Each structure stands twice: as structure tokens, then as C-alpha cells.
Amino acid sequence: METLNTAPWKQKARWVLICISLVSIIMAWRVSQIGFNYDFESFFPQDDPHTSFYLDFRERFESDNDFLIVGIESPQSIYDADFLADVDRYTNELLELPHVTSVISPTQLREPIRMGLSLVQRPLLRWQSPDSIVANNLIADSIRIAQRSHYVGTLVSQNATALTIQVAHQQKLSKEGCDELANAILNLAKTWKHPSHIAGRAVAQKYYVDVMQSEVVLFVSVGMAIIVLFLWLAFHSAWGVVIPLLVVLLSGLWTLGIMELTGKSIDVMTIVLPTIIFVVGISDVVHILSRYYEELRGNSTQSMAIATAFKEVGLATFLTTLTTAVGFLTLMTSSVAPIQDFGLYAATGVGVAYVLAFSLLPAVMVLFPAPKITHVGSGTFWNRTLHRAMGYALKRGQWIRWGALIVCALGAIGAAQIEVNNVLLEDLADDDPFRQEFNFFEREFAGVRPFELAIQVDESASIYDLRVQQDMARITSFLKTEYGVGSVVSSDVIFSQINRWSNGDVNAFERLPATSKKLDAMVRSLDRFGAKDALNRVAHEPSNTLRIFGKLSDLGARHYEQKNEELQQWFASEMPNSPMTLRVTGTAQLIDINVGSLAGDMVKGLSIAFLIVALIAGLMFRSVTMVFISLIPNFIPLLLIAGIMGWTGIDLKLSTSIIFTIAFGIAVDDTIHFISKLRLQLAKGRSLPYAVKRSFIGAGKAIIITSIILCGGFITLSLSSFLGTFYIGVLISLTLLFAVLADLFVLPWLVLSFLTTKEK
């Protein structure tokens, strides 16, 4: 073992440091190129028929997410000529923005009204009338608009204090294009004198990316500060702070560099990755250093201390790295691409941290003098404290048993109350400024959640048959009154408008024509009424497909799952002989479908993780009993967290679904370190009680320190503006806290109670 101090080993250590330095420089350059992205469509189910259907449907019509809605508030009423003049100016300015293809504004809308034999293009709002009659005209316009359901809640708010400008931009606009458009429209809105609100994919993506960029810096800064603090408290030396910090910083750097090299940007899931790598990567280093310091405190030479530390902790750290990586990799069973990517790169980061811990750390140990170790203070404090804690645990075995059973019962009751649900904007707090923008449209208009219904007409009928359009009118009516869809656009609505316009704008004619002949004539006269483009958005004659789209309030996946069932039941019972087939689709629906698979994905991932841990415990002890003993202390914290989620009403959704798998993969590390230490003690011929005691004291300090660092690191995520990230930080921190208590009290009691002499 003394050969570690010889020149050849020092030379190898120097080469290791040189290689690590070169790789780190390359990775630092790659990280400087990494981007941030928030791709809404990445949350669609992968390789799923629902996704394939929607993508094909979108090719026939258009995306339901490539739009911007601009809401303008009036101090009193929108029916004011000066206010409408300002809105008209805003409309013209919006038309000049990059990537904008069209703008629909109440100030520029014209209705083609048949008057005798001619069509008159009447303004929807006659705000440009002569001063003497403009007020009277606007009063008349307000009465007429109030009677048009397709205007109220779409272009004009219910209380007439706000209106919207609908902005269409290029389809499938790239992130760069969205950023350019979002910056342009947000800067333009700052020049307007009336309060404005903007919603849509481009501005949502920009907002999320901006928040992610600032939060990455926040998490890394606070996380490093916490790591430095706890490392100092644990080792009381600059050596014990700088070296572990260097390992985890390089681990994070390399992981982000690998992401950039493989074309992966930082998104709403991987935003927590640097923090996770920092706090998880520190675990191996702390266990190695704790054993190293322990040997130095026992008067071992530096070379012997290095050899002993890596020999005794090496297997345990390999196994903990394996289980943590497996925990992350099981996330790849999810059908959600960002969760898959998060699991893959988190596992990669854990592997990188392990490689650096067993290359950079020993190289530094060999090349630099050993830290100064005192034989009083923190080392003896830890031994005394752990010795007393062990004695307490052994004397209170019954309390531990009944306490664990009661806690598990409460957790199970709470877990039964967990609901699988997802609200599109639930990730933002109620007081978040961007959430307030969406709340405005929810409150004053129909909302911003897109609704898409695909209607396939069979070969026995044409999409322009009167019977088909009459069935469409019944479906549209149901969607408005029972489903809650607002701003509805469909073929029957367009034909009803044309029918009203064709009959002098009389309200009684806002319905489908009475005969097929009149409907056919209406189809031929679409160009005259300027409605051909509008109809093409909802009718695709080559595929005999119709479309109904609109807006909804964001009430959650469970709510609309029930509404979809009610729609299909109503259609089957009320229209059994209809030649049409209905299918709800669209971006929101696809995300809801993914939410429905979360529980199954989570169970699948946890099952794999439990199986791996069981296999490791079984191979280490050749004992089925030890397998169950190892799993129980890690099952209890998960059950407790599930109970807390159920009791507090935290839904299982895209962000919270990963908590259990991550927490288990990390929390099980302490169990592996304990049973690995126990295995070494038993291999030396120690009695079971003595082996448990030595394992408790020997591994206890590192377990507590790493758990505190992990909890401290994860709790920094609670500073996030995203509620999903907040829950990840708080709930994983609680899981790790419960896990360390279970490993230090429940696990020793289980070992002493159930591990027989034969099994040793």
C-alpha cells in the first residue's frame, strides 16, 4: 500500500489531472453554447396513435397553438370612438410584426350584408362615423354585438370593458422565430397607453425560458453555498470543502457539456439537473472522505488511509451509483419525452460524478499532503452522538415498530386520496405575472386552453350535406351549453352567419338554411361573402373531415376526461344513425392523455428500481430475508410522501410523477452503505449486535452528512417560480429526511429482529 507514494503513482495522478483538465476545458466551451427551450409539443405521447392522428389532422387544417391573443382594456367601455381609434392603430402596428400572417380586430371587421340585390360591407363597429352620429352608431353596434354569441366572449368581453385582437403567425414557428415575435410584441405593447394582456405559445415559451435561465443561476449559486456550509461543518478544513466541491462542479459541467454535444437544451424538466448532480454527486465523495478521515484519525499513514477508504467504500459507492442511476433510468419508461431525457441525462450525470470521484479525488489525495486531523472535536462528537442514538434505538424497539406501523397506515390512507390530474398553467403560482395574463382571458373571455374536435364523415354522405350540417349544429350546441366551449368555430356556425347576412342580418335567420338546395347555393357563394378561407379552416373536402375548434377554461385533465365521456355518450344516444365519428384531439388533449399514463409509468419505474435493489441486497447477503429488510426502510418514506400528497391535495401530474422514482434511487444509497458496512463487519467474524453497532457508528456520520447535504440541495428548488419544481424540491427533501430516520432506526431494528445466525 505504500506504493501509492512512489513516483510512478504520482506520475499517473498527474496524467489523470491533465486529462480531466483538458476534458473540462472542452466541456466548459460546449456548455457556453447550450440553449434553453420550452417545447410544448415535446410533452405529447411518444409513438402513440393519438399523436399520429393529431399530427395528420393538423396537416389538413392548422395548428391549434400557433396564435397570439391580445386583450385591450378600456377605462369604461370599449364602445368609445377614441378608444377604438387607438385599438385600430395597435392593429396596424401588429400587422407589421415579424412572422405575423394576419390580424383580426373588431375595429377592422366588415360584415357582408345582402341589401336587395347587392352586398353591403358594414363595419362591425362604426367608430369612424361623423362626430354627430358616432355615439348613436356605437350604441346600436353594442346592442347588435350583444346578440351575437360568436362575438361575445371571443372579440368582446361579457361586460364590454375589454376586447381582443386575434394575431395569427406562421405555422410551426421555430423557437428563434417565436423569440423574435415575442420580443417584438411585448416591446410594442409597452408603447400603448391602454392596459394590454398577451397570451399564446410564442410569449409563453419566452417567459418560461427567461425564468429557467434565471433559476438555473439561482439554484447553482444557492446549492453551492449550502454544500460549502455543510462540508465545512462536517470536515472543518478547507481541504474537505474544496476537493468535494471541485468534483461536483466538474460533474455538473461535464453533464451539461454532454447534453449540448448530444443536441439537448435545458428545458422545464432538466432545469433541476445541475442541482441534482451537485447534491447527488457529493454523496460518494463524502463517504470516501469520511472513511479517509477516520483512518487518519486512527493514526494510519496517508497511503494506508487512501487504500482503506477506497477499498471499504468502493463497492458501496459503486452500488449506490448503480441504484441511483437505475432510479433515473427507469424514468425512460415514461411516454413523455422530457421525462425520458431527464432520466437519461441525470443517470449520465451520476455516472460522471462517480468517475470523477474515483479519478480526480484519488489523484488529488496522492499528489497533495493529507489534511491535518485532530483527535478531538467533531470526530469524537460524532462517535459519541451516534453511540447514544444506537443505544436509544435498541432500547426502543417496540416504539420503533409501532411508530412505523402507525406512520405507514397514515401514509396509506393519504396515498389513497391522490388524484391524477394536470392543469396546463398549474405550474405557475397564482400571483405569477404570466399566470395573471391567462387569468384575464379566463375571466373576461372564453379562456386560452385550445379545444379541437375532429369529425370524420363516412362515404355515405358529404360534409356539405344538409343532414350532416344539421348534426353539426346539434354537436356545436352541446359543446357550448354542456361542455363549456367558447369562441366556437365550425362549419354550421359559418353557414348560419352567411344565412343571416343573406337575409338582411335578421336574427331569426341565424340558422342553417331550410333546404339542401339553399345550402348548396351557399357553398357556391362563399367567395362573395369572404368566407371561403374561414370554411377551409373547419372543412376538408378531400378527406370528408370536419373540424370544430374553440377555447376552454383551464379546469384540468380529470374535468375534461369526464366531459369527453359525456360527449361520446350523448352522441351515441342522441345521434345513433349519424354518418359521423367524433374524436377529441389537439395539444391539450394529448397532454391530458399523457397525464393518464403517469400512475402506470410511475409504478413500472418503481418496480424496476425495487427489483434492482432487491437483487443487490440478495447478492450481497444471499438472503431473501435481507432483501425485504433492505426494501422496507425505503418503502416507508415513499409511502409517507404519497400520504402527504394525498392529505394536502397535491395531484400526481407531469412534474410530481418523477418524485418517487428519483427519491427512491437516491434514498436507497444510505441503506446500501449501511448493509455494505454490516457485510464487512460480519465477514470479520463479528457478532450480529456488534456488527450492527459498528455499522451504525461507522456509516452513520456519512449517512447523516450526505442526507443533510441532499436535503439542503433539493430544498433550494423550493425557490422556483414553477410549482412543479417547488414540489420536487420540498417532497424529495422530505423523502430523504424520512429515509435517513428509517435507515438509522428502523433498519438496525429490522436486522437485529429478523436476520438469523444462519443467514449471517
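Taken over the Cα atoms of the range 1-138, the convex hull encloses 288 Å³ per residue. Among 545-551, 471-477, the peptide with the highest mean count of other Cβ atoms within 10 Å heads the list, and the full ranking is 545-551, 471-477.
In the chain, helical runs assigned H by DSSP with n ≥ 4 each contribute -39500 (n - 2.57); averaged across all residues and rounded to the nearest 500, the mean residue ellipticity at 222 nm is -20500 deg cm²/dmol. Placing a pseudo-label 7 Å from each Cα along the Cα-to-Cβ vector at Q470 and T625 gives an inter-label distance of 7.9 nm. Centroid-to-centroid, using Cα positions, the range 434-497 and the range 662-732 are 54 Å apart. The distance between label points at W29 and A140 comes to 7.3 nm (points 7 Å beyond Cα on the Cα→Cβ vector).
Here the Karplus curve 6.51 cos²θ - 1.76 cosθ + 1.60, taken at θ = phi - 60°, turns the phi angles of the range 118-128 into couplings of 10, 9, 10, 7, 8, x, 5, 10, 8, 7, 9 Hz, with x standing for Gly and Pro.
Solvent-accessible area per residue in the chain equals 41 Å², computed with a 1.4 angstrom probe and all protein chains kept. Taking 0.36 nm per residue of separation and subtracting the Cα-Cα distance, full extension of the segment from D430 to V603 would add 59.2 nm.
Once fully extended, how much extra length lies between R110 and W570, figured as 0.36 nm per residue of separation less the alpha-carbon to alpha-carbon distance?
Values: separation 460, 0.36 × 460 = 165.60 nm, distance 3.69 nm.
Stretched out fully, the R110 to W570 stretch lengthens by 161.9 nm.
What a 1.4 Å probe finds exposed on the chain is 60% carbon and sulfur by accessible area, rounded to a whole percent.
Of K172/K551; K264/K604; K190/K532; K604/K653; K311/K684, which sit over 24 Å apart, Cα to Cα? Pairs exceeding the cut-off: K264/K604; K190/K532. Each peptide in 26-37, 484-495 was scored by the mean count of other Cβ atoms within 10 Å over its residues; highest first, the order is 484-495, 26-37.
Between Q158 and K193, the FRET efficiency estimated from the beta carbon spacing at R0 = 25 angstrom works out to 0.55. Of the beta bridges in the chain, as assigned by DSSP with both residues counted there, near 95 percent are antiparallel.
How do the peptides 286-293, 315-322 rank, highest first, by the average count of neighbouring beta carbon atoms within 10 Å per residue?
Working: 286-293: 26.1, 315-322: 21.2.
The most tightly packed comes first, giving 286-293, 315-322.
In this simple spin-label model, placing a label point 7 Å from the Cα along the Cα-to-Cβ direction at both S214 and R14 gives a separation of 4.9 nm.
One decimal place: the segment D527-N503 gains 6.9 nm when fully extended, by the rule 0.36 nm per residue minus the C-alpha distance.
Go ahead and run the numbers for FRET between L611 and Y690, Cβ-Cβ distance against an R0 of 45 Å, rounding to 0.05. With a Förster radius of 45 Å, E is 0.90. In order along the range 722-733, the Karplus-derived 3J(HN,Hα) couplings, from 6.51 cos²θ - 1.76 cosθ + 1.60 at θ = phi - 60°, round to 8, 5, x, 5, 4, 5, 4, x, 5, 6, 5, 4 Hz, and Gly and Pro are given as x. Considering the options V485, I697, I644, tell which one lies farthest towards the positive end of the dipole of the chain, charges being +1 on Lys and Arg and -1 on Asp and Glu at the Cβ, about the Cα centre. After comparing all options, I get I697. One entry in (i) 94, 76, 61; (ii) 101, 68, 63; (iii) 108, 53, 44 is Cα extents along the principal axes in Å calculated from the shown coordinates; its label is (iii).
The values are calculated or read from the model by the stated rules, or taken from the named source; none is laboratory data. Predicted, not measured: the structure shown is a model, and the values here were computed from it. Virtual Cβ from ideal backbone geometry, glycine too; neighbours counted across all protein chains shown. All accessible areas refer to the heavy atoms of the entire protein, side chains included, with ligands and DNA or RNA removed. Shrake-Rupley method; radii C 1.70, N 1.55, O 1.52, S 1.80 Å.
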